[in-house]
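Single-structure report; data block below.
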Amino acid sequence: MPGLEDLYREIILDHYRNPRNRGELETPPAHRVEGFNPLCGDEIVVYVDVEGGKITDIKIGGQGCSISQSSASMMSSAVKGKTVEEARALTRAFKALMTIHESRLDGGDGSGTDTPTPDPEVKLGDLEALQGVVKFPVRIKCATLSWNTLAQGLDEVATP
Amino acid sequence: MAMNLDVHAIRKDFPIFDVVRERPLVFLDSAASSQKPRAVIDAMTEYYETTHANVHRGVYAIAEEATARYESARARIGRFVNAPSEREILFSKNVTESMNLVAQSWGRANLRAGDAVVLTQMEHHANIVPWLMLKEQLGIELRYVGLTDDGVLDLSNLDELLDGAKAFSFTAASNVLGTLNPVRALADRAHAAGAVVIVDAAQFVPHMTTDVQAMGADLLAWTGHKMLGPTGVGVLWGREELLDTMPPFLGGGDMIRDVRLDGFVPNELPWKFEAGTPPIAEVIGLGVACDELERYGLDAIREHEKQVTGYAIRTLTERFGDDFTVHGPLDVEQRGGVLSFAFKGLHPHDVSQVLDESGVCVRAGHHCAKPLIRCLGVGATARASFYVYNDEADVDALAAALDRCGDFFGL
């Protein structure tokens, strides 16, 4: 049985207690997008400023549990200053981490699943701390909420 | 004076508490779904093992026996709520389906564009969404009774809201706040205004003596799985004269008397509203759940829940002070055994996750009552709920687990 330490790693708690990039950006020029987790009522607002194909600034608003809040905080730190393409690659890599098949956790090879293949060049760094969330399936949506919201925002910026 | 519940003995009736686990099960989520006693599980198994056949069809012995058991359970369940006739007891899947039945059958037959239906801001989605669908379909108007800061209905403008309204549909007991609403008084005022009275009694029927005749409603819905019965069976009680005027909801097998290529004649009550093969084993199980609840004593159950809920409110507020906030009334006379709370500013999901580490099961989220949750100004709540197998030791386990929760998050 997975323990709480698998879920609430120290770096996650740190981002929860001291969220990075919390706030709002003026719209326009920034783009504002909302995300909801209908199961638990978590709401997130992502403000993203894209200039010349680069995420020049990002702010996070809304409310949610420690997992959704810390994931949003880590996401904002990870994509700020990156190009849109780099942010999309990071999103794919993070979502692949979140959809990892349980058999992998138990030592299997995870083959035969529809797990998206992440670009091996993409380094998740601190974000790997969220890997333990996979052992608590109902919390996966909390962790992916901000990423899905960012992806939606970047799509909207690309095709206004 | 009601006898006290012997919780120690009652727990022995529930096999789930016998399962050997890493940590003993502290189950505080009966408002979502109760546990099942051995008698209910055995009755359903025995039915399947000895006499299962479809009901109302076969003329062979086991089909006759299945029909007899199904219909006698209907009568049993009718007696449980003091229904004048078993023809007034209709089986559905759950309260959500019953409310859809009411909206689509009674609503479509009786409401026109601009007609008003009154609801309250403390309703479960089951008593909001079917009406919102009808609003989209027919253009009806929905009016809402508001709440006071204490989590009770604000009745100051009720006459205004009821003026010209065709129906008043409200919960007997809030699944978030625990608030017990004055059903009889509300029904009388609605009737005086000429409105039909519909009651969501999902959190009421399992916990105290229910007398549908004394409560004064026209239609009243509850569900089996919150009262020791199985999932998959809900009950809708309605006054016979009203049910007789309502058209069928779902069409198909069992609900008809005759079918031609160009039309059909519906069956009589209660089968008019029971399309297709019903949940036979579930209805039989629910009949036995009624036996068990009456063996414990409904008045004793109510007294017991008041005692445990009062103990919980006292213990947790004394121990945690301002770090622990109850949503809803504090007076146990005004509330049932549903206790929603906020703890140290932590998100309910995090609270619930850490409590689980101590074997304590509480619900976290919006409890299918998003308008109410918005009204409370929070995103979600944690909710502990008490039933026949819970006692003060469970409250102590909750308090100890909350302590660990605060420690874990460094608060």
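The numbers here are math on the coordinates, done by the rules we state, and not lab data. Being a predicted model, the structure only gives us computed values, none of them experimental. Positions of Cβ are generated from backbone atoms using ideal geometry, with glycine treated the same way; all protein chains shown enter the neighbour counts.
Quick rundown of the values:
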item	result
Electrostatic dipole magnitude of the protein assembly as shown [Cβ: Lys, Arg +1; Asp, Glu -1; Cα centre; debye, to 20]	500 debye
Residues whose placed amide H lies under 5 Å from that of A:His31, excluding near-sequence neighbours	A:Val48, A:Asp49, A:Val50
Folded to 0 to 90 degrees: helix B:129-138 orientation relative to chain B principal axis, Cα	40 degrees
Estimated 222 nm signal from helices in chain B, with DSSP H stretches of n ≥ 4 weighted -39500 (n - 2.57), rounded to 500	-11500 deg cm²/dmol
Positive-end residue, chain B charge dipole about Cα centroid, Cβ charges, pick of B:Ser169, B:Ala281, B:Leu101	B:Leu101
Order of B:Thr179, B:Thr277 - criterion: other Cβ atoms within 10 Å of each residue's Cβ, fewest first	B:Thr277, B:Thr179
Entries of A:Lys59/B:Lys344; B:Lys12/B:Lys306; B:Lys12/B:Lys36; A:Lys82/A:Lys141 with Cα pairs more than 18 Å apart	A:Lys59/B:Lys344; B:Lys12/B:Lys306; A:Lys82/A:Lys141
Relative exposure of B:Lys226, B:Lys12, judged by other C-beta atoms within 10 Å (fewest first)	B:Lys12, B:Lys226
Proximal aspartates and glutamates relative to B:Lys135, as straight alpha-carbon distance under 18 Å, when same-chain residues fewer than 8 apart are discounted	B:Glu97, B:Asp115, B:Glu123
For A:Lys54, distant residues with modelled amide H under 5 Å away	A:Val84
Under the Karplus curve 6.51 cos²θ - 1.76 cosθ + 1.60, θ = phi - 60°, whole-Hz ³J(HN,Hα) for segment A:136-141, x wherever Gly or Pro sits	10, x, 5, 8, 4, 4
Computed label-point distance, nm, for sites B:Ser85 and A:Glu26 using a 7 Å Cα→Cβ extension	7.3 nm
Set of lysines near A:Lys135 by C-alpha distance (under 21 Å), chain-local residues within fewer than 8 positions excluded	A:Lys95
Rounded, prolate or oblate (a/c below 1.5 giving rounded, otherwise prolate when a/b exceeds b/c) for chain B by Cα gyration tensor	oblate
Linear extension gain, B:Glu71 paired with B:Arg319, 0.36 nm per residue minus alpha-carbon span	84.2 nm
Test item: Cα-centred dipole of segment B:41-294, Lys/Arg +1 and Asp/Glu -1 on Cβ, debye	440 debye
Rounded tilt (10° steps) of B:61-80 against the dominant C-alpha axis of chain B	60 degrees
Cα→Cβ-extended label distance, 7 Å offset, between B:Ala61 and A:Glu85, nm	8.0 nm
Burial ordering of B:Glu65, A:Glu34, B:Glu274, fewest other beta-carbon atoms within 10 Å first	A:Glu34, B:Glu65, B:Glu274
Derived scalar couplings ³J(HN,Hα) [segment A:48-60; Karplus, 6.51 cos²θ - 1.76 cosθ + 1.60; whole Hz; x for Gly, Pro]	10, 10, 10, 9, x, x, 10, 7, 7, 7, 8, 9, 10
Vicinal HN-Hα couplings computed from phi for segment B:156-170 (Karplus, 6.51 cos²θ - 1.76 cosθ + 1.60; Hz; Gly/Pro x)	4, 10, 4, 4, 4, 5, 7, 4, x, 6, 8, 8, 10, 10, 8
Cα lying deepest toward the dipole's positive end in the protein assembly as shown, options A:Gly62, B:Cys405, B:Pro329, charges on Cβ	A:Gly62
A:Thr159-B:Glu240 FRET efficiency (beta carbon distance; Förster radius 60 Å; 0.05 resolution)	0.50
Pair A:Ala96, B:Val259: separation of 7 Å Cα→Cβ label points (nm)	5.3 nm
Estimated dipole of segment B:341-403 in Debye, rounded to 20 [Cβ of Lys and Arg +1, of Asp and Glu -1, Cα centre]	560 debye
Acute angle (nearest 10 degrees) that the helix B:298-320 long axis makes with the longest principal axis of chain B, alpha-carbon atoms	30 degrees
Most mobile of B:Ala281, B:Ala113, B:Ala201 in a GNM of chain B (Cα contacts under 10 Å)	B:Ala113
For a label point 7 Å along the Cα-to-beta-carbon line of B:Glu294, residues of segment B:56-70 with backbone N under 19 Å	B:68-70
Distance between segment B:143-176 and segment B:269-306 - C-alpha centres, whole angstrom	28 Å
Shape category assigned to the protein assembly as shown from the gyration tensor of Cα positions, a/c cut at 1.5	prolate
5 angstrom amide H check on B:Thr223, placed H, neighbours 5+ away	B:Val235
